[in-house]
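The values are calculated or read from the model by the stated rules, or taken from the named source; none is laboratory data. As the structure is a computational prediction, the values presented were derived from the model and not from experiment. With ideal geometry, Cβ positions are generated from the backbone for all residues, glycine too; neighbour counts draw on all protein chains shown. Surface accessibility is based on the protein's heavy atoms, side chains included, excluding ligands, DNA and RNA. Shrake-Rupley method; radii C 1.70, N 1.55, O 1.52, S 1.80 Å.
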Amino acid sequence: MAELKSSKIDAENAKTEYNLFKSSLAQIGTIIVQNVIMLGFGMSLAIPTVVIGSLMSDDVDGGGGDSMALTETEASWYGSVLLVCHPTGGLLSGVLQEIVGRKWCMALVSVPQLVGWYVLWRAGTAFDLYVSCVALGLSMGLSEAPVLTYVGETVEPRLRGPLSSVSTFTIMLGSFVAYLMSTVMPWRTVAMINMAVPIISFAAVVLLTPESPVWLLSRNRADEAKKSLAYLRGCVSTADVDDEFSELSIYAGFNKSVDLEQYADCGIDQRRLSYVKYLQINTNDTTAAEIDILANQNQIGFFDTLRSFWSPELNRPFLFIMLFFFFWSFATFIPAKPYLIAVFSEIGLPCTAQWTLVYTSILTLVGTLLNVLTVAKFGKRPITLVSMALCAFSMLGIGMHMLSTIYFSFSSTWIPMILLNALFFFSGYGVFPIPWMLVSEIYPTKGRGIASGLTAALAFLMTFVLTKFFLEMQEWFTLPGLFIVYGSITLVGTLYLFACMPETENKTLQDIEHFFIGDLEDYEDHDNQN
C-alpha cells in the first residue's frame with residue numbers, strides 16, 4: 001500500500017513538473033515570437049549611427065551609385081528626430097492598446113517600420129532621411145509599451161523578470177546586426193534587407209500571439225480571456241487554469257464570486273471592487289445588459305488615466321520611473337549614440353571606430369543576455385545599483401584619462417578601452433533593460449496601457465533633447481568634460497535608486513501595488529515569506 005501511495009505521489013509530481021515545463025515553454029515561445037518586433041526597434045535605433053558615420057566621413061558614397069553628405073546641423077537633426085517621434089508613437093500606442101488590444105497594437109507596428117526602411121533605401125536628400133526617421137521613430141514608440149504591457153499581463157511572476165528583459169536583449173541584437181552589416185555593405189543595402197523584418201513580425205504576431213487575458217477581461221470577454229490564458233499556460237484545457245483565472249479576474253475586477261473582505265485592503269482600485277460587488281448582487285439574466293454597461297464603464301480612457309494620476313497607485317510609480325529614466329539617459333550614454341564613430345575616434349582607441357562600434361555592441365548584447373539569465377537569481381535592485389555605479393566610474397575614468405592626456409601628456413589606449421568595455425557591458429547588463437522591465441510591472445491594471453505608453457514617450461522625449469544638443473554640449477564642456485558630467489549625474493542616480501528603488505523580482509503585481517500605495521507592511525511580509 002505504501003509503495004502504491006508513493007507511486008501516486010511521484011506521478012503527481014511528474015505531472016506537475018511536466019505542466020510547469022509546458023507552461024514555461026508556451027510563455028517563452030510567445031514572448032520570443034512577439035519580440036521579432038523589437039529586432040526592428042534595435043535596427044532602427046542603430047541606423048542613424050551608421051548613416052551619419054558614412055555621410056559625414058571623407059568618403060560620402062552612400063551606395064547605389066549616388067553621393068550624399070550631411071552638415072553638422074543636418075546630422076544633429078537626423079540623429080535626434082528618431083527619438084522625438086518615438087514619444088508620439090508611445091502616446092498613440094497607449095490609446096491603441098486600449099482600443100484594439102495589445103496584440104493588434106503590436107501588429108500595427110509593422111506598417112510605419114516598413115515605410116521607414118523603404119524611404120531610407122530610396123533616400124536622395126536629407127529631407128528623405130528625416131522622413132524615414134519619423135516613420136521608424138513612430139514604429140519604435142508604437143512597439144515598446146504594448147510589448148512590455150503584454151509581458152506584465154500574461155507572464156507568471158517566476159518568469160516575468162527574465163522574459164521582460166528579452167525585449168532589451170532583442171533590441172541590442174538588432175543594433176548589433178545593423179552595425180555588423182554596415183561593415184560589409186552600404187547603408188542603403190542594410191535598409192533594403194531590413195524591410196523583411198516588419199513583414200516577418202506582422203505574420204508572427206497575427207498568427208502566433210494570443211490576446212492578453214487582462215485586456216479581454218477589461219472588455220467583458222471572459223470566455224476568450226480564459227482560452228487565451230489556457231494557451232499561454234501550455235495549450236491546456238480551460239479547466240486547468242480555473243484557479244489562476246479566478247485570481248486574474250479578481251485583479252482585473254471581474255470576479256463575480258470573490259470575498260470582498262479579504263481584498264478590502266489589498267490595493268485594488270475601489271471602483272473595481274464596487275463593480276465586483278455589483279456583479280455579486282446582480283447575477284440574474286435580467287441584469288446582463290446592465291453588467292455589460294458597467295464593464296464598459298470599467299474601461300478607462302486616455303483622459304481618465306491622466307486624471308487618475310492624482311491617485312498614489314499611478315503617480316508614485318510614474319514619478320519614480322521617470323526619475324529613473326532621467327538618470328538612465330546619462331548612464332547608458334545613449335545621447336551620444338548617433339555620433340559614436342566620432343566619439344570613439346577622439347577618445348583614442350587601439351582599433352578603428354567602426355570595429356569599436358561592433359565589439360561594444362557585442363559587449364552590450366552579452367550583458368543583456370546575462371541579465372536575462374541572472375535577474376531571477378540576483379534581483380533587479382542589486383543588478384541596477386552595481387551596474388549604475390560601474391557605469392558612473394567608467395565615464396568618470398574616461399573623462400579624467402582624456403584630461404590627463406591633454407594636460408599631462410599621459411596616454412594609454414588600453415585604459416579608455418577597458419573603461420569603455422565596462423561602460424557598454426554594464427549598461428547592457430543592468431542600466432538599459434531594468435527600467436523597461438519595471439514599466440511592465442509597476443503600474444496597476446487600470447490604465448496600464450496608457451501609463452506605460454506615456455512613460456515610454458516621455459523617456460524618449462528626454463533622450464531626444466539630450467541627443468539634439470549633444471554636439472552643443474560637447475562644444476561647451478569638451479568631450480572629456482562631458483564624460484565627467486555624465487558620470488557625475490549617473491553617480492547621483494545610483495544614490496537615488498539606492499534610496500527609492502523596490503525589489504520587484506518574484507513579486508506579484510498586487511505586491512508591487514502595495515509598495516507604491518505605501519502599504520509597506522504587506523509588501524515586506526510577502527518578501528519575508530519568499
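With respect to LEU458, is the statement that it is open to solvent by 20 Å² or more (accessible area, probe 1.4 Å) and either farther than 18 Å from SER361 by Cα or in contact (Cβ under 8 Å) with a residue 24 or more places away in the chain (or both) true?
Answer is yes for this residue.
Could you list, in sequence order, the residues of segment 125-147 that are of a type in the set (D, E, K, R) and buried (at least 24 other Cβ atoms within 10 Å of the Cβ)?
GLU144
Please specify each residue of segment 362-377 satisfying the condition of being closer than 28 Å to TYR496 by Cβ, touching a residue at least 60 places away in the same chain (Cβ under 8 Å) and surrounded by 15 or more Cβ atoms within 10 Å (Cβ to Cβ).
LEU363, THR364, LEU365, VAL366, GLY367, THR368, LEU369, ASN371, VAL372, VAL375, ALA376
Check whether at least one residue in segment 331-343 is farther than 25 Å from MET43 by Cα and in contact (Cβ under 8 Å) with a residue 24 or more places away in the chain, and report yes or no.
Among the residues of segment 331-343, not one is farther than 25 Å from MET43 by Cα and in contact (Cβ under 8 Å) with a residue 24 or more places away in the chain, which makes the answer no.
Could you tell me whether segment 119-137 includes any residue that is within 17 Å of the chain's Cα centre (by Cα) and modelled with pLDDT of 80 or more?
yes
For residues that are among the aromatic types (Phe, Trp, Tyr) and either under 12 Å from LEU420 (Cβ atoms) or outside any helix (DSSP H, G or I) (or both), tally how many sit in segment 327-380.
The total comes to 3.
Counting only residues that are of a type in the set (Val, Ile, Thr) and open to solvent by 20 Å² or more (accessible area, probe 1.4 Å), which one in segment 189-237 is farthest from LEU120 (Cα to Cα)?
The qualifying residue farthest from LEU120 (Cα to Cα) is VAL236.
Quick check on segment 39-52. Is at least one of its residues part of a helix (DSSP H, G or I), β-branched (Val, Ile, Thr) and modelled with pLDDT under 80?
No; the residues of segment 39-52 include none that is part of a helix (DSSP H, G or I), β-branched (Val, Ile, Thr) and modelled with pLDDT under 80.
Can you work out which of the residues in segment 238-254 that are of a type in the set (A, V, I, L, M, F, W, C) and either modelled with pLDDT under 80 or more than 16 Å from TRP215 (Cβ to Cβ) (or both) is most open to solvent (accessible area, probe 1.4 Å)?
ALA239
Could you list all residues from segment 164-184 that are more than 11 Å from the chain's Cα centre (by Cα), open to solvent by 10 Å² or more (accessible area, probe 1.4 Å) and in contact (Cβ under 8 Å) with a residue 40 or more places away in the chain?
MET172, LEU173, PHE176, VAL177, LEU180, SER182, THR183 - these are the residues of segment 164-184 that are more than 11 Å from the chain's Cα centre (by Cα), open to solvent by 10 Å² or more (accessible area, probe 1.4 Å) and in contact (Cβ under 8 Å) with a residue 40 or more places away in the chain.
I'd like to check which helices (runs of 4 or more DSSP H) are fully inside segment 431-509 and have at least 3 residues that are more than 24 Å from ARG160 (Cα to Cα) and at pLDDT 85 or above.
Counting at least 3 such residues, we get 448-468, 470-500.
Given the conditions (1) over 20 Å from GLN474 (Cβ atoms); (2) over 19 Å from the mean Cα position of the chain (by Cα); (3) modelled with pLDDT of 90 or more, report the number of the one that LYS377 does not fulfil.
The one condition LYS377 does not meet is (3).
Out of everything in segment 396-415 that is in a loop (DSSP other than H, G, I, E, B) and in contact (Cβ under 8 Å) with a residue 12 or more places away in the chain, what residue ends up being least open to solvent (accessible area, probe 1.4 Å)?
Only one residue tops the list, namely THR413.
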